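*Asks:* The structure that follows is given in the form of structure tokens.
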Amino acid sequence: MKNYKGLVVLAALVVLLVGMVCFPACGEEKAEGFPAKVTTEKGSLKMRKTADKKGKVIGEIPNGTCILVNSEDGEWCEVSWNNKTGYCMTEFLVMFREADLSLLDYRVLQKGDKGDDVLALKKRLKELGYIRGNAALTNRYTEETAQRVTLFQRQAGMTEDGTAWQELQMYLFSDKAPACTQTLPSVRTKVADQNNRMICGCCMGEGCECCNFTGWVSR
């Protein structure tokens, strides 16, 4: 009986030691990586098939785009973007090592874009007061949309360029996003109209969110 108990204890110790030695090496999951923002002086950043300046270009990442860094190796980083994996030069990447990977769920939005994410952006801006409550919203990123994004950037202390960068959207949809305390554009031109209306000063009669795309507002 004593020998049996001793064997059981020995076997348990062996299993424990094997687990301590082997499991971290054999079962450890690969790190997920972290986001980084492409920052070039001008133009896009080339993503190459190999970590070599002469490597085949498999993608051109627009400046300002956030991508996933899988690993770093001095001059080059292995990255993933647009369903492709390749290599970019480290010097053109600003690392967001502590950022949440959900940042990469967004795409950069700017004038001319359209889609459900544009509509969601407008709804959130409207919820925070950057678009009037009675405004009709579309899924198009118009000049007026860029103006309201600029208002948000001003309120948040960001660079005012009217582009909804990925990090801007992540902040916009967070609980920390500031509500609008600024005066919305309201310059209007009075006109002689039997319905007591004025031309909308935001679009000068062409139609925008502020006037429900009629070009007119009530006096």
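The values are calculated or read from the model by the stated rules, or taken from the named source; none is laboratory data. These numbers come from a predicted model, not from an experiment. Cβ placement follows ideal geometry from the backbone for every residue including glycine, while neighbour counts extend to all protein chains displayed. SASA here: full protein model, heavy atoms, side chains in, ligands and nucleic acids out. Shrake-Rupley method; radii C 1.70, N 1.55, O 1.52, S 1.80 Å.
*Asks:* Could you sort out which of K37/K114; K54/K84; K126/K176; K84/K122; K46/K114 sit more than 21 Å apart by Cα distance in this structure?
*Replies:* K37/K114; K84/K122; K46/K114
*Asks:* Okay, moving on. How much length would be gained if the chain were fully extended between F213 and E143, taking 0.36 nm per residue of separation minus their Cα-Cα distance, in nm to one decimal?
*Replies:* 23.9 nm
*Asks:* A further question on this structure: If you filter the range 58-90 for GluC sites (Glu not before Pro), then keep DSSP loop positions with at most 14 other Cβ within 10 Å, what is left?
*Replies:* The qualifying sites are E75.
*Asks:* With the crude spin-label approximation of a point 7 Å out along Cα→Cβ, what separation in nm comes out for T85 versus D105?
*Replies:* 2.3
*Asks:* I would also like to ask the following. Which residues in the range 98-140 have a backbone N closer than 14 Å to a point placed 7 Å from the Cα of K176 along the Cα-to-Cβ line?
*Replies:* Within reach of a label on K176, which here means backbone N under 14 Å from a point 7 Å along Cα→Cβ, the range 98-140 contributes 98-101, 103.
*Asks:* Identify all aspartates and glutamates with a Cα-Cα distance to K53 below 12 Å; exclude those on the same chain that are fewer than 8 residues away in sequence.
*Replies:* By straight Cα distance, K53 reaches E75.
*Asks:* Accessible area, 1.4 Å probe, largest first: how do V149, V108, V57 sort?
*Replies:* My answer, sorted largest first, is V57, V108, V149.
*Asks:* Right, another one. Ignoring everything but the protein chains, give the 1.4 Å probe accessible area of S102 in square angstrom, nearest 10.
*Replies:* My reading of the accessible area for S102 is about 40 Å².
*Asks:* Turning to a different aspect of this structure: Compare T85, T163 by solvent-accessible area with a 1.4 Å probe and give them largest first, with all protein chains kept in place. Could the numbers behind the result be given before it?
*Replies:* Working: T85 80, T163 15 Å².
Ranking T85, T163 by accessible area, largest first, yields T85, T163.
*Asks:* Between beta-carbons, use under 9 Å as the cut-off and find the net charge around W76, counting Lys and Arg +1, Asp and Glu -1.
*Replies:* Spelling it out: positives minus negatives among the neighbours equals -4.
*Asks:* To continue, here is another question. If you rank D105, D113, D52 by how much accessible surface each has, with a 1.4 Å probe, what is the order from largest down?
*Replies:* D105, D52, D113
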